[in-house]
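Taking it in order: structure first as structure tokens, then the write-up.
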Amino acid sequence: MSDSDTSTSVELLTFKLGGQEYSLDIMCVIEIRGWTRATPLPHAPSFMKGVINLRGTVLPVMDLAERLGLPVTKHTNRNVIIVVKHENSMTGLLVDAVSDIITIAQDDLQPSPDVTSGSGQGFIKSLTLRDDQMIRILDLAHVVKILESDAA
Amino acid sequence: MSLEILAVDDSRTMRDMIRLALEPEGFTVHTADDGVHGTEVLSSINPDVIITDINMPRMDGFGFIDAVRDQNHHRATPILVLTTEAAPELKMRARKAGASGWIVKPFDPVKLVKALHMVSG
Amino acid sequence: MTNPDPMAEIRASFFIECEELLEAMQDGLQTMDDGQQDSETINVVFRAVHSIKGGAGAFGLEPLVRFAHRYETVMDQVRSETLAITSDLLKLFFRAADHLSDLVRLCRDDMDIPQAEGDAILAELDLHAGATPAEEEDEDIDFQPLGLSLDLDFGDDDDTTGTSSYRITFAPATEMFETGNDAVPILRALADLGDCTTTCDAERVPALASLAPETPYLSWTVMLSTTAAIDEITSVFEFVDGLCTFAIEPVDNEVGFSDEAFPDLPPLDLLPEPEEVELPPLDMLPEPAEQISAPVEDTPVVAPKNEKPARTAPASPNAVVRVDLDRIERLVNLVGELVINQAMLAQSLESTTLSPHSDAMRGLGEFQRLTRDIQDSVMMIRAQPVKSMFQRMSRIVREASAAVGKDVRLVTDGENTEVDKTVIERLADPLTHMIRNAVDHGLEDTDARIAAGKPSQGQVRLSAAHRSGRVVIEIKDDGGGINRPRVKQIAIDKGLIPADSTLSDSEIDNLLFLPGFSTAATVSDLSGRGVGMDVVRTAIQALSGRISISSTKGEGTTFSISLPLTLAVLDGMVIKVADETLVIPLNVVTETLTLRADNLDEIQPGLAVVRVRGSMVPLFDLGRHLGYRKQKETYVDDIVLLISKEDGNQAALIVDEIQDQRQVVIKGLDDNFYRAPGIAAATILGDGQIALILDPSDIVTQAAQDAGHPNVPQKLEA
């Protein structure tokens, strides 16, 4: 995840999750694709949906809302997978929809107060305001690193 | 004018470094892995200067210099030996064997080029 | 991508070369240790240290240069037979080689170099060399002229701002030309230093009839006006000092110079411009001299800059190509894709009504055979001999035996056996652990060995061989064998087996593989710090391999590892469990059967067995254990796969459907994300869907643990 202090702005991919706006540094986004059925992984944490075939690579997919501890609605419209890369491994993040690509100045990023959103502490790296709407910037490292304690 | 060089050294790193030092300066560099290989390569090219290491398998530098000087065609071809010591005995031994001059390893590329010009004009 | 820095590339290449040299050193030292101490072997070791030193110097790796230099000095004495080889000296050489290897790696990874260990070894080396460190000089990396017979004595010589004038005389001797040196380059070099006028004295040239062709008769006088220091002028003569007579005299600056020649010398057509130097008298000299003056002529040397010379003869015994590992990975992946695509094609063709004898189907068959061949060839590209790994084990044995005070020797066999590079890398840790174990626990104390009538030197034998399509690696020690009563007791104490169980010898041996058998507090990494054999076995299984153990009391223990030749493909059985398609490695499936009321027995709720020819084999419901569904009401009419586990026992897996057997391409699961127990890898089926590849032994072990049953050997006699 690039966190360059040399550049003064950062490009973010924004997307919708449970009615709220989230975003990721565009540098770690590999591609965006539609949902296909995932092969489930036995005894995996419930937010791990399974693995899908990404052009010959086995790609694990996680339900991002569930991972962040957001209330899981019964009828989920999740049908977009954002494929991200972190430290040489790729993961698919299942979200509701992709919104936009925006450029934010470094100065406009505010650190996230220690907000507990369910089990998610440290998932949100920083916040920013855009057109009066709050956008959360994800800490990708935290999101994709699955700890022993997360295991079902 | 492009000088043709034959560099003989069993160390791949050394061969790479010689190339890196000389090719940008306009030299044409041929290499060989040891004395035996050097005589093989020599038969197909016509170098203006030969650079050789001393410690090599199969045929060492001294053996190689002998073999080169034995060829009428190369009796007067300048030969520089690569040595890691500046000890006078080693230089004298090299000269006795027929070497024209020497380069001490690790070599300064500028000095290598200068030495090459010094023996070949 | 920007242009790669050539120096960085050469540096990387240097470290690869160092590995090769270190390996050659190990070989050489081992040969010497085995008693063969001929000069070529000694030279191999010497040259290895020498080359590492040379390259290290080029990259400014001072600590490495220093250590290598001292090592080389002692090796040189051995080489010139001024120092005799003793077994103590050899032990020191091995230690020094190990330290050199460490230094190389530290330098490669840009890490700090701890001083202590190196100093101890260096002190011992110096002891043998008989030299004190102070005698080892700094390397002279400059063109300093040797002692010159100059009787010049200038007060302030280094007045480089001003111009000084010199009169230089130069008369080559015959010997000068014999070394391939020549007058012209020297004159040119002088001319490059400033303004000069060169005159040639041809007086001594005799008449043609009495001319000796290879005797030089010419001498030159050069009037040089330069800002260069006198050292620089002197350095022009560095190579020919002693092969000629020359003198450099300063002259009074006030005497003006011009391009006109001196009145008392016959003016010749000599110009200061190097390109145009012509020496008329040379015409009079026969062949050899013209050869010497060849560089003067503008003979165009036609050689395109980037021409790579074609080798007229093979350079070395095995022509080798160095290939970027990334390229090989890509090729392996592409071949994997090819196989998958082919499977998809086969699948769609099968659903047509084409006859198996039609051209299309026969073509497909041929296509599949060809692909299999390509696949086999590509897989072997990544194969390399296990030798380097065996050499690492040599070092482990040296260190471990020194640490416990035992005399142990590692004997290797089949070090040229080739194994996929990835497999070798992942074998290193498990092997290290087993070798350490053998030295620590397998082999008895020297006293005990002698008392038992064994040679005081213990032996660990490491061997590798290809056997029926697999690689078999064995670690065998000639120690006391497994202490079975003790092992059984430990297992009982740890609650791994019931106190009253009766076990066969081989069953007791296999207790070592049980998780929890280890005496260590944490089961973390495999560096031999009390980690159990279960971690070793897991590592071997992760390579789709098997490990077994056999032991004879008083004689020793043997671990036998069987590995697939490649990690890339697997012969599998495709099955369906609860709507999920899975693959089971074919090599563990021994039989399939259908459950009926008359072969199905329930021992207690949750634990059922199937009767197979008198044995009771425990049943495992895959669907339930993989979490796909709840426990079924009844298993009658279900299909069962009998699999053999690592410990030699059997288990029966209940599946919904067996689809077919085929070769699948293994797609690894990233280590970084969640590792599902019982899942070894994944594959992509003909329809593009991902199917998980099971590790049956693992599933069974997990299931038994989950059910709270102790992992009892499950061969219950009816």
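Listed values, structure above:
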{"quantity": "J(HN,Hα) series, the stretch C:199-215, from Karplus relation 6.51 cos²θ - 1.76 cosθ + 1.60, nearest Hz, glycine and proline x", "calculated": "10, 10, 9, 9, 4, 7, 5, x, 5, 3, 4, 9, 7, 8, x, 9, 9"}
{"quantity": "Cα centroid separation - the stretch C:216-235 against the stretch C:36-108, whole Å", "calculated": "43"}
{"quantity": "Cβ neighbours within 10 Å from other chains - mean over C:180-189", "calculated": "6"}
{"quantity": "Proximal lysines to C:LYS576, defined as alpha-carbon separation beneath 17 angstrom and excluding residues fewer than eight positions away on the same chain", "calculated": "C:LYS630, C:LYS632"}
{"quantity": "Partners for A:LYS145 among lysines (Cα-Cα distance below 22 Å; same-chain residues under 8 apart left out)", "calculated": "A:LYS16, A:LYS49, A:LYS85, A:LYS125, C:LYS667"}
{"quantity": "Listed peptides C:181-194, B:14-27, C:375-388 by packing density, highest first (mean Cβ within 10 Å)", "calculated": "C:181-194, B:14-27, C:375-388"}
{"quantity": "Scattering profile of the stretch C:6-138 at q = 0.14, 0.18 Å⁻¹ [log10 I(q)/I(0), Debye over alpha-carbon scatterers]", "calculated": "-0.59, -0.97"}
{"quantity": "Candidate lysines - alpha carbon under 25 Å from C:LYS488, same-chain residues fewer than 8 apart omitted", "calculated": "C:LYS476, C:LYS553, C:LYS645, C:LYS715"}
{"quantity": "Per-peptide average of other Cβ atoms within 10 Å, ordering C:497-510, A:86-99, C:43-56 highest first", "calculated": "C:43-56, A:86-99, C:497-510"}
{"quantity": "Partner chain coverage, peptide C:54-61 - average Cβ within 10 angstrom", "calculated": "5"}
{"quantity": "Helix runs (DSSP H) in chain B reaching 18 Å along axis by Cα, Kyte-Doolittle at least -1.0", "calculated": "none"}
{"quantity": "J(HN,Hα) series, the stretch C:576-589, from Karplus relation 6.51 cos²θ - 1.76 cosθ + 1.60, nearest Hz, glycine and proline x", "calculated": "10, 9, 6, 6, 9, 8, 10, 10, 10, x, 5, 5, 9, 7"}
{"quantity": "Long-range amide H partners of A:LYS49 with built H, under 5 Å", "calculated": "A:VAL61, A:MET62, A:ASP63"}
{"quantity": "C:VAL411 long-range amide H proximity, modeled H, under 5 Å", "calculated": "C:VAL460, C:ARG461, C:LEU462"}
{"quantity": "Euclidean distance between Cα centres, the stretch C:317-387 to the stretch C:410-427, Å", "calculated": "25"}
{"quantity": "Ellipsoid equivalent to the stretch B:17-109 - semi-axes via the Cα gyration tensor, in Å", "calculated": "18, 18, 12"}
{"quantity": "Furthest towards positive pole of dipole, C:SER80, C:ALA56, C:GLN30, structure part the stretch C:28-87, Cβ charges", "calculated": "C:ALA56"}
{"quantity": "Charge sum, other residues only, whose C-beta stays under 14 Å from C:LYS454's C-beta, Lys/Arg counted +1 and Asp/Glu -1", "calculated": "-3"}
{"quantity": "For q = 0.14 Å⁻¹, Debye-computed log10 I/I(0) when each Cα of the stretch C:378-506 counts as one equal scatterer", "calculated": "-0.75"}
{"quantity": "For the stretch A:3-145, convex hull of alpha carbons as volume per residue, Å³", "calculated": "119"}
{"quantity": "Average other protein chain Cβ within 10 Å of Cβ, residues A:57-69", "calculated": "2"}
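Values in this text are rule-based calculations from the coordinates and carry no lab data. Bear in mind that the values here come from a model prediction, so they are computed numbers and not experimental data. Ideal geometry is used to build each Cβ from the backbone, glycine not excepted, and the neighbour counts take in all protein chains shown.
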